[in-house]
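The values are calculated or read from the model by the stated rules, or taken from the named source; none is laboratory data. What you are looking at is a predicted structure, and each value in this text was computed from that prediction instead of being measured. Glycine also receives a Cβ, built like all others from the backbone with ideal geometry; neighbour counts cover every protein chain displayed. SASA here: full protein model, heavy atoms, side chains in, ligands and nucleic acids out. Shrake-Rupley method; radii C 1.70, N 1.55, O 1.52, S 1.80 Å.
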Amino acid sequence: MTDERRHDDDRRHQERRIGDRRTGTGGVRIYILPGWVRAWHWTNAILILTMIATGFSLHYADAKIPVVEFSLAVRIHNTAGVLLVTLWSFFVIANAVTGNWWQFVPKPPGILERCIKQTRYYMWGVFKGEHEPYPVTPEENFNALQALTYWFMIYIVMPLLVVTGLIFLYPQYAPKEMFGVDGLFPIAVVHYVCATIVATFIVAHVYLCTFGKKVSSTFKTMITGWHEH
């Protein structure tokens, strides 16, 4: 038996025991999201959507068809940005203090193989009625592909977005020149690319959230903290 097969069998055995204890019918209902994580998630979502709307208005400013009036968009974007920096800092610290950071680290063995298997499930397995290959457990809230994606978003994309945004807020700290061009230009490019990645992630995230036991199941989990499958 391979390490990956043994890992899968151990996990499924644990899930059956959890399900029997919770429901008495073999179903799985586990509490995975504490209140502070749920509060962070929804507040984070509101701030990011606000920044996308105002950022779009600023980037594609047109006096005739503004998404948000320019000066108002600047004020809202800057305020939401400062709040997002504060919220992101809180989340990183809380993750470290509570040990929740471990959920964002894919667990060996067979990480690559599990990511490929999960990708296959998302692309066509779910449409053929196949079962989730790596269901949620108390020890692993995310499959390997999710863990890698969330880690990338939280610890790479968000810091770049935060740093470049702060430089825009305080341009006096920007270098006068980078790569032979105005110092703010490369920073603007990085900020725009990161914002685009975040916006794309949100669309994919909402779509994949419909793959739960029911279309509403994953959204309900982020409200109640209880996951069912």
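Contact annotation: residue pairs with Cβ atoms under 8 Å, 6 or more positions apart or on different chains, pairing a residue in the range 58-73 that is surrounded by 10 or more Cβ atoms within 10 Å (Cβ to Cβ) with a partner that is of a type outside the set (Lys, Arg) and at pLDDT below 65, are Phe70/Ala63; Ala73/Pro66. Among residues of the range 210-229 that are under 15 Å from Thr137 (Cα atoms), those with a Cβ under 7 angstrom from a residue that is surrounded by 13 or more Cβ atoms within 10 Å (Cβ to Cβ) and of a type in the set (S, T, N, Q), sequence gap 6+ or separate chain, pair up as Gly212/Thr218; His227/Thr221; Glu228/Ser217. In the condition set (1) open to solvent by less than 40 Å² (accessible area, probe 1.4 Å); (2) without any contact (Cβ under 8 Å) to a residue 60 or more places away in the chain; (3) part of a helix (DSSP H, G or I), Ala96 is compliant with all but (1).
Do you know which residues across the range 28-39 are surrounded by 17 or more Cβ atoms within 10 Å (Cβ to Cβ) and either in a helix (DSSP H, G or I) or basic (Lys, Arg) (or both)? Val37 - this is the single residue of the range 28-39 that is surrounded by 17 or more Cβ atoms within 10 Å (Cβ to Cβ) and either in a helix (DSSP H, G or I) or basic (Lys, Arg) (or both). As a summary of the residue check, Pro34 satisfies the conditions (1) at pLDDT 85 or above; (2) in contact with a His (Cβ under 8 Å, 6 or more places away or on another chain); (3) not basic (Lys, Arg) except for the one numbered (2). Candidates Glu139, Glu113, Glu130: the one that is open to solvent by 50 Å² or more (accessible area, probe 1.4 Å), more than 16 Å from the chain's Cα centre (by Cα) and within 19 Å of Tyr31 (Cβ to Cβ) is Glu139. With Ile46, Ile52 as the choices, which residue is under 20 Å from the mean Cα position of the chain (by Cα) and open to solvent by 80 Å² or more (accessible area, probe 1.4 Å)? When all the criteria are applied, what remains is Ile46.
Step by step: first the residues of the range 186-215, then only those that are outside any helix (DSSP H, G or I) and more than 18 Å from the chain's Cα centre (by Cα), then the one that is nearest to Leu160 (Cα to Cα). Which residue is that? Per the criteria, the residue is Val215. Looking at the structure I just gave you, is Trp101 assigned to a helix (DSSP H, G or I), open to solvent by 40 Å² or more (accessible area, probe 1.4 Å), aromatic (Phe, Trp, Tyr) and within 28 Å of Glu132 (Cα to Cα)? Criteria met by Trp101. Of the candidates Ile167, Ile154, the single residue that is over 21 Å from His229 (Cα atoms), open to solvent by 30 Å² or more (accessible area, probe 1.4 Å) and not hydroxyl-bearing (Ser, Thr, Tyr) is Ile167.
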